Amino acid sequence: MRPPLEQAFPRPSVLGVVNVTPDSFSDGGLFLRPDAAVAEARGLVDEGAAIVDVGGESTRPGSEGVTVEEELARVEPVISRLSDLPLSVDTSKAGVARRALELGACMVNDVTALRGDPELAGVVADGDAYLCLMHMLGEPRTMQEEPRYDDVVSEVKAFLEERLAFAVDAGIPEEHVCLDPGIGFGKTVAHNVELLMRLDELVAVGRPVLVGASRKRFLGRLLGDPDALTGSVSAGVAVAVLAYQRGASLFRAHDVREHVEGLTVAGALTGAAT
Ligand code: HH2
């Protein structure tokens, strides 16, 4: 059995992103060739990523899904050449997760929090894998059409607690799971800000919290562009540092070096590192 997730990935740990897709919102098409994706993943580890998250399906607002065959055709040639690295597979499909775990991945990052494929929980349990459960309101195709909550933080918290209990019931050890508020997944700018300001309430659930704010459009909108579709690196690092101070453990980021540097200095200034 694997050690607890917090032992394998002590806070702060950066999860580097490699999207093997033609249409991801910030790096779509850049790493569709296996050679390019493999080189990017190795580069991210050199920059200090504790683990690399490989995805073959975009979940950007408005996106349509892809078939299991298409997703596998994208990620399999990449993951099979990275078996020496700590890898996470960003998928909601049991077939993709099963193959990725066979090829050596150690984590499944499921943006549907085990609601997308009824077989995924069993694959994670049987594969003794780590699991990220993320909150999303609705589905990528429609999630940004007027998302509404009475209290976004308590609703996200209740959802994550319920999905954690579901995972544990399915045989996944609690200490293998981390939780993610799902920044930008069915949330307005105000919802994202509220979740980040009150992150301590999610940390209080007792499992490591992962935050994925990197390059997201709410950053560009906070910087004053109401039509922004992405956000800047420095804005993403600012969010990561504040989320770290509020108790987050894992940071999903495309620009790994900048995140590692920001978090290392933040750790030194809060006494966690020297
Ligand atoms: N965000 C994206 C994808 N997967 N997983 C978790 N756990 N948390 C996130 O915030 C998250 C995620 C979206 O970013 P990206 O992968 O860059 O884009 P796309 O979905 O367009 O491929």
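Search the structure for amide H atoms under 5 Å from the amide H of TYR130, placed 1.01 Å from N in the peptide plane, and list their residues when 5 or more places away or on another chain.
MET107, VAL108
Please provide three numbers in whole Å: the alpha-carbon extents of segment 1-63 along the principal axes, with the largest listed first.
35, 26, 22
Given the convex hull of the Cα atoms of the chain, what is a quarter of its surface area in nm²? Walk me through the intermediate numbers first.
On the way: hull surface 51.7 nm².
Averaging across all directions leaves 12.9 nm² for the Cα convex hull.
Before anything else, pin down the relative contact order of the chain: Cα pairs under 8 Å, at least 6 apart, normalised by residue count, whole percent. Mind showing how you got there, number by number?
Working: 545 pairs, mean separation 51.9, N = 274.
Relative contact order of the chain: 19 percent.
Once Rh for segment 184-274 is found with the Kirkwood sum over Cα pairs, what is the Stokes-Einstein diffusion coefficient at 37 °C and 0.692 mPa s, in µm²/s?
Numbers: Rh = 13.4 Å.
The calculation lands on 244 µm²/s.
Considering every Cα-Cα pair within segment 105-230, what fraction, in whole percent, is farther apart than 21 Å? Don't skip to the end; give the middle numbers.
Numbers: 3110 of 7875 pairs.
The calculated P(r) of segment 105-230 puts 39 percent of pairs beyond 21 Å.
Around LEU164, with a cut-off of 14 angstrom between Cβ atoms, what is the net charge of the other residues, counting Lys and Arg +1 and Asp and Glu -1?
On the way: positive: ARG115, LYS157, ARG163, ARG207; negative: ASP110, GLU161, GLU162, ASP169, GLU174, GLU175, ASP180.
Charge balance in the 14 Å sphere: -3.
As a check on your grasp of the helix formula, calculate [θ] at 222 nm for the chain: sum -39500 (n - 2.57) over DSSP H runs of n ≥ 4, divide by the residue count, round to the nearest 500. List each step's numbers first, then the result.
Details: 11 runs with 110 residues, N = 274.
Calculated mean residue ellipticity at 222 nm is -12000 deg cm²/dmol.
Given points 7 Å out from each Cα along the Cα-Cβ axis, report the ALA158 to ALA204 separation in nanometres with one decimal.
For the pair ALA158/ALA204, the computed spacing is 1.5 nm.
Multiply the residue separation of ALA8 and ASP151 by 0.36 nm, subtract the distance between their alpha-carbon atoms, and state the gained length in nm to one decimal. Please list the in-between numbers first.
Numbers: separation 143, 0.36 × 143 = 51.48 nm, distance 3.31 nm.
Contour length minus the Cα-Cα distance gives 48.2 nm.
Treating only the Cα positions of segment 1-119 as identical point scatterers, give the base-10 log of I(q)/I(0) from the Debye formula at each q in 0.13, 0.17, 0.18, 0.23 Å⁻¹.
Debye output, listed in q order: -0.47, -0.81, -0.91, -1.45.
Which residues make up the longest stretch of the chain that has no trypsin sites (Lys or Arg not before Pro) in a DSSP loop with at most 13 other Cβ atoms within 10 Å?
1-140
Label-point separation (nm) for THR142 and VAL168, each offset 7 Å from Cα along Cα-to-Cβ?
For the pair THR142/VAL168, the computed spacing is 3.3 nm.
Rounded, prolate or oblate, given the Cα gyration tensor of segment 216-268, with a/c below 1.5 counting as rounded? Could you put the intermediate results ahead of the total?
Working: a/c = 2.44, a/b = 1.97, b/c = 1.24.
Taking the square roots of the gyration eigenvalues as a ≥ b ≥ c, segment 216-268 is prolate.
How much length is gained if the chain between GLU64 and ARG81 is pulled fully straight, taking 0.36 nm per residue apart and subtracting their Cα-Cα distance, in nm to one decimal? Don't skip to the answer; put the middle values down first.
Details: separation 17, 0.36 × 17 = 6.12 nm, distance 2.78 nm.
This chain segment gains 3.3 nm when fully extended.
Any read-out appearing in this document is the output of simple, stated calculations on the displayed coordinates, not a laboratory observation. Quick caveat: nothing in here was measured; it's all calculated off a predicted structure. Cβ sites come from the backbone with ideal geometry, for glycine too, and all protein chains shown count toward neighbours.
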